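The values are calculated or read from the model by the stated rules, or taken from the named source; none is laboratory data. Not measured: the values here are computed from a predicted model. Reconstructed Cβ throughout: ideal geometry from the backbone, glycine too, with neighbour counts over all protein chains shown.
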Amino acid sequence: MRTRIRSRLQYKLMLGFSMVLLPALALVSLYTQLSTRDLLITHARDEQMQLISARTHAAEDLLASMSTDLLLLTRDSAMIRYTQGDGGAGDAIGEQFLSFLARSGRRYIRICLADKRGDDQICARVVASKPTLVPTGPPAAQAQPEVVAPAGQIVPQPTVQIAPLSEIRPQNQAGIPTPVLRYSIVLRAESGVSVGQITLDVAAQPIFDLLIDPAHASDTVIVDESGAYVVGPSSGSLLSDRPGSAAQILSRTGGTILGAEDTPGAFTIYHELNFPNQEAMAWIVICDLPITDILAPINHVLMVNIALTAGLLIIGLLTAYILTRSIVRPVRALAAAAEQVATGDLTTPIHIDSHDEIGALAHTLDRTVTQLSSTLASAEGRRREAETLYSTAIALSSTLDLHRLLDRILDKLRAVVPYDSSTVQLVRGDQVEIISAYGLARPEKLIGTTFPLHGAGPNAEVARLRTTVILDDAPKVYTRFNEEPYRADPIRSWLGVPLIFGERLIGMIAIDKYEPGFYSPEHARIASAFAAQAAIALENARLYETVRDELAERQRSEQAQMRLTAILEATTDVVGSADTKGRMLFLNRAGRHLLGIGDHEDIIGWPIQNYVLNDSLSQIFSVSMPAAMRDGIWSGELILRRSDGAEIPVSQVIIAHRNAEGQTEYFSTIMRDISERLRADEQLRQAQKMEAVGRLAGGVSHDFNNILTVIMGECDLMLHGPGLNDDIRQGIDQIRLAGTRAAALTRQLLAFSRRQVLQPATINLNEIIAPIEQMLHRLIGEDVALRTHLNSSLATVRADPSQIEQVILNLCINGRDAMPQGGELSINTENVVIGEGEDHDLQPGSYVLLTVRDTGEGIDLAAREHIFEPFFTTKPRGKGTGLGLATVHGIVQQSGGKIRFSSTLGQGTSFHVYLPAVAEPSAAPPTASTAQPVISRATVLLVEDDDRVRHLARQILSSQGLTVIEAANGVIAMRICSQYKGQIDLLLSDIVMPGGINGVQLAAQLSAMQPQIKVLLMSGYTDDDLSNSREITPDMHFLQKPFSATLLLEKVYEALAISA
């Protein structure tokens, strides 16, 4: 038939027409496609480069604003003051950090101020969307101490350092990773020295949101300058994943690549992201778009061209058909209709304008084709229904998350059964509860609404029948559809489908239509098939949530147990537990170390009596445990015994733990070593006793020195007087000698009570020892060998040279007395450095150590606790005063040092004196002047509250031609000075005086009034406040009571410094 049709004139004409028209249309279409393709590709390159450039610039602006925020924080000098020791600035910094985090919204996560070692001092972070100060602890193991740049390399402006993206922290319990960028900036003092740093943790997700293309079809990754992924695959790198294009991407700041060999089918756009003020740090943002998306407009144009070509062809064919129609017979029309049916076109009606047999045949063929089309349409509908249900089952089974599943159920249901609104309801006991809704006016009011499964109501009817229920006009059947909250929704048709899993009703789906009589049994059949799949998916989701909740609860319990164990193991207190029979169940690391038990030894079942003294053990079983069982808790003190037998006093808390029946199941305990506390208490009691003795000794010495000053001064005056016979002169000499011995005794009392006035200077101990070495040889005797080992590079100390000399003499005499049969005495000096935590009594720093060691008898245990107490001596009566070591202890303490000793019976004793080292050269010793001073024209203001001492001093000074003005206290002296018209050359004043103004204060006030006045202070005693007073200046001279007439005049000459 086809050969016969092609031979007809009509088809020949149509074929010729097509051969002319089709080539022309094809050439036009091809040219248009090629031109449009080039234009669209160029436009796509420019457009995508503009988009990625805009995103990177926005990210750089965001990073710059974060750097600016951090730089603004460093303007507050309180942070530098805090890192330099000003603890008062801490509260203000904490409030500033909280305010900073609150203002930033959710941009910042954590901010910390650290010292120059990197130890966090003040930290704030966002906890549960609220800025909170967090406690700080020991530095993390990975913390690195900061290296301070030399002065010549200090950057004049502060810069912000951004750490690489190196840590991923869980954002919530679901474990969703959250990248963090860490900003840090070094705080520098005015000298340029680093004193600390501020670190700021920033959520990196907002930056990634700016950089990553939100389009679903695009694939965006971020790499650093080395090609390592910042955002992208968890393994590999750009160089390994894209060997062909990686070099081009990493070497340029931006560009595009179309269809590279390593990314076929992709259109790649890349752009560099530079961090502000970070020259050596940059990211490269790479976005891959499918080429099909780029070429989609070209394909669209092609389709338009094809459509236009087809349209023109159809017009031409129609024209040819119209021209040839008049010559085609009705059989031709019937043949064409038959050909259409043969090609599968069953929709075009067969109509022949003929009333003969050909017309009847055409009518019969038309009815046959119509029936065949209806049968095929029905079969196609069933096929589409099966495919829809199958795809629905796949979609519902692809997720176990209940919320996503509910959304998919409502979405997929619309594909099989039309509806205007719908709800998903689950069985809760004897009710069903709406857990999801779509299309309703007020879904928030319906979520959580429950309906009974028994009684009247459409939901109860579905539950009772266990089949789909159709309501053609729901408001007429059930009045609840006319009430709130349904009144806002014009529901008319209602279809309820049960969700049945096995034999159990687990819920139902209700779908609504806003027109009556819409749903048919066919809808009910399809909805039932859909509900069967939904019921399986819902039950799987429920089981998954149950298992997930159980696993999460178990994981939380395990994590809580791990945190508790970590806390117990980290605490320095002893934490343990034992059963009611005293057998160990648990002991933390601190407890093992305290008792001498290895970390890996299994202590379960060990009896506690192995580590508790008998008296304490009986207390535990008879008192402590019963009290804890009765009251729930007991606290007290007991003594433990280490594995090596050492006894350790501890404070203890015992807690009784009961089971469900209320019976005590086991005991837990917390213990703390109180050895240091007891030792400190004993030291405090000793210090208080020494303080009381010192105050008594100091007070007695003060008055005694005034008396001795008068006695010795009068003796000097009488000895220089004329007409004394030898007997009287010898008696006066004896009186003066006794006064001298009494003065030495009072100086020792003042020394051990630390109430003497020191005249400190920067000295080298070697320079003190060397001059007196020969004297020491004579002092200790020929049967004792003296050895000195002096460090040639010994540091200097700040102390009174005469007092340090007294310390050395007393220690050497004490060592000599400990070796009655002879021996060896050694004096050593050396530099030592005490590190952090190495010594409980000494502050960390540099010290000069003086060691005096003898090979004598040693000190017995009973005497060791009392050797520094005043008047304690082991020597026979009359052989010692008991003030030697007490004097040494007082001088060392008053000089800011510490003295210790070690002794072994039969081998000897060593005394160790620690004095703080200073970075100053030693002062040159004063040179004695041989010139005879001339002071006859000088005026002296004499201020002394003791009338006898004042009278004696006036006598001595007047005998040398000095003009003396007397005052009994500081107030009178101030009044005299303000009224005196002449010049006062020297103030000679006692330090401790009544009246409210002491000698140091008087000197300061008079020096302000008369700057030329010289100051000579005298005293036999002063308290710590005066000896450490900042008003004592280096140009003030000091005279120790008691003094002789000669010593007084020498000090006056020295103060006036007038040479002949």
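Let's see how each residue does on (1) within 33 Å of the chain's Cα centre (by Cα); (2) within 18 Å of Ile434 (Cα to Cα); (3) free of Cβ contacts under 8 Å to residues at least 60 places away in the same chain; (4) in a helix (DSSP H, G or I):
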{"position": "Gly496", "(1), (2), (3), (4)": "no, yes, yes, no"}
{"position": "Ile511", "(1), (2), (3), (4)": "no, yes, no, no"}
{"position": "Ser528", "(1), (2), (3), (4)": "no, no, no, yes"}
{"position": "Thr546", "(1), (2), (3), (4)": "no, no, yes, yes"}
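Among the residues of the range 617-672, count how many are in contact with a helix residue (DSSP H, G or I) (Cβ under 7 Å, 6 or more places away or on another chain) and not basic (Lys, Arg).
Of the residues in the range 617-672, 14 are in contact with a helix residue (DSSP H, G or I) (Cβ under 7 Å, 6 or more places away or on another chain) and not basic (Lys, Arg).
Find the residue count for the range 808-839, including only residues that are modelled with pLDDT under 90, under 9 Å from Val852 (Cβ atoms) and among the aliphatic types (A, V, I, L, M).
Residues flagged as modelled with pLDDT under 90, under 9 Å from Val852 (Cβ atoms) and among the aliphatic types (A, V, I, L, M) within the range 808-839 amount to 2.
Could you check the range 1032-1060 and list, in sequence order, the residues that are among the β-branched types (Val, Ile, Thr) and at pLDDT below 85?
Ile1032, Thr1033, Thr1046, Ile1058
Give Ala953, Ala973, Ala1008, Ala1003 a once-over and let me know the one that is in a helix (DSSP H, G or I), free of Cβ contacts under 8 Å to residues at least 12 places away in the same chain and hydrophobic (A, V, I, L, M, F, W, C).
Ala1008
Which one of Leu568, Leu564 is closer than 30 Å to Ile648 by Cβ, in contact with a strand residue (DSSP E or B) (Cβ under 9 Å, 6 or more places away or on another chain) and in a helix (DSSP H, G or I)?
Matching residue, one of Leu568, Leu564: Leu568.
Restricting the first residue to the range 610-624 and requiring it to be closer than 16 Å to Ile648 by Cα, which pairs with a second residue that is of a type in the set (S, T, N, Q) and surrounded by fewer than 20 Cβ atoms within 10 Å (Cβ to Cβ) meet a Cβ separation below 8 Å and a spacing of at least six or different chains?
Every condition considered, the pairs that remain are Tyr611/Ser643; Leu617/Gln609.
Mind checking which pairs have a first residue in the range 574-602 that is in contact (Cβ under 8 Å) with a residue 60 or more places away in the chain and a second that is outside any strand (DSSP E or B) and surrounded by 15 or more Cβ atoms within 10 Å (Cβ to Cβ), Cβ under 6 Å, 6 or more apart or different chains?
Here the result reads Val574/Ala590; Val574/Gly591; Val574/Leu594; Val575/Leu568; Val575/Asn588; Gly576/Gly591; Ala578/Ile608, each pair linking the range 574-602 to a residue that is outside any strand (DSSP E or B) and surrounded by 15 or more Cβ atoms within 10 Å (Cβ to Cβ).
Hey, does the range 758-781 have a residue that's in contact with a Gly (Cβ under 9 Å, 6 or more places away or on another chain), surrounded by fewer than 20 Cβ atoms within 10 Å (Cβ to Cβ) and either of a type in the set (A, V, I, L, M) or at pLDDT 75 or above (or both)?
Scanning the range 758-781, I find at least one residue that is in contact with a Gly (Cβ under 9 Å, 6 or more places away or on another chain), surrounded by fewer than 20 Cβ atoms within 10 Å (Cβ to Cβ) and either of a type in the set (A, V, I, L, M) or at pLDDT 75 or above (or both), so the answer is yes.
Output the residues belonging to the range 453-481 that are of a type outside the set (Val, Ile, Thr) and in contact with a Ser or Thr (Cβ under 8 Å, 6 or more places away or on another chain).
Across the range 453-481, the qualifying residues are Leu471, Asp472, Asp473, Ala474.
In the range 608-634, how many residues are outside any helix (DSSP H, G or I) and over 43 Å from the mean Cα position of the chain (by Cα)?
1
Could you please let me know if Ser903 is at pLDDT 75 or above and either crowded, with 20+ Cβ neighbours inside 10 Å or aliphatic (A, V, I, L, M) (or both)?
Judged against the criteria, Ser903 is a match.
Is there a residue being surrounded by 15 or more Cβ atoms within 10 Å (Cβ to Cβ) and among the hydroxyl-bearing types (Ser, Thr, Tyr) anywhere in the range 609-616?
yes
Within the range 65-118, can you find the residues that are part of a strand (DSSP E or B) and either touching a Gly at 6+ places or on another chain (Cβ under 9 Å) or under 25 Å from Asp209 (Cβ atoms) (or both)?
If the condition is that a residue be part of a strand (DSSP E or B) and either touching a Gly at 6+ places or on another chain (Cβ under 9 Å) or under 25 Å from Asp209 (Cβ atoms) (or both), then Tyr108, Ile109, Arg110, Ile111, Leu113, Ala114, Asp115 are the ones that fit.
Name the residues in the range 844-871 that are closer than 22 Å to Arg685 by Cα and either without any contact (Cβ under 8 Å) to a residue 40 or more places away in the chain or under 50 Å from the mean Cα position of the chain (by Cα) (or both), would you?
If the condition is that a residue be closer than 22 Å to Arg685 by Cα and either without any contact (Cβ under 8 Å) to a residue 40 or more places away in the chain or under 50 Å from the mean Cα position of the chain (by Cα) (or both), then Leu861, Ala862, Ala863, Arg864, Glu865, His866, Ile867, Phe868, Glu869, Phe871 are the ones that fit.
If you check Ala89 against the conditions, is it surrounded by 16 or more Cβ atoms within 10 Å (Cβ to Cβ), more than 25 Å from Leu63 (Cβ to Cβ) and aliphatic (A, V, I, L, M)?
Yes: the conditions hold for Ala89.
Taking Ile314 as the residue in question, decide whether it is loosely packed, with under 12 Cβ neighbours inside 10 Å and modelled with pLDDT of 70 or more.
yes
Give me the strands (runs of 3 or more DSSP E) completely within the range 401-477, filtered to those with at least 1 residues that are under 19 Å from Pro521 (Cα atoms) and touching a helix residue (DSSP H, G or I) at 6+ places or on another chain (Cβ under 7 Å), ordered by residue number.
Passing ranges, in order: 421-428, 469-471.
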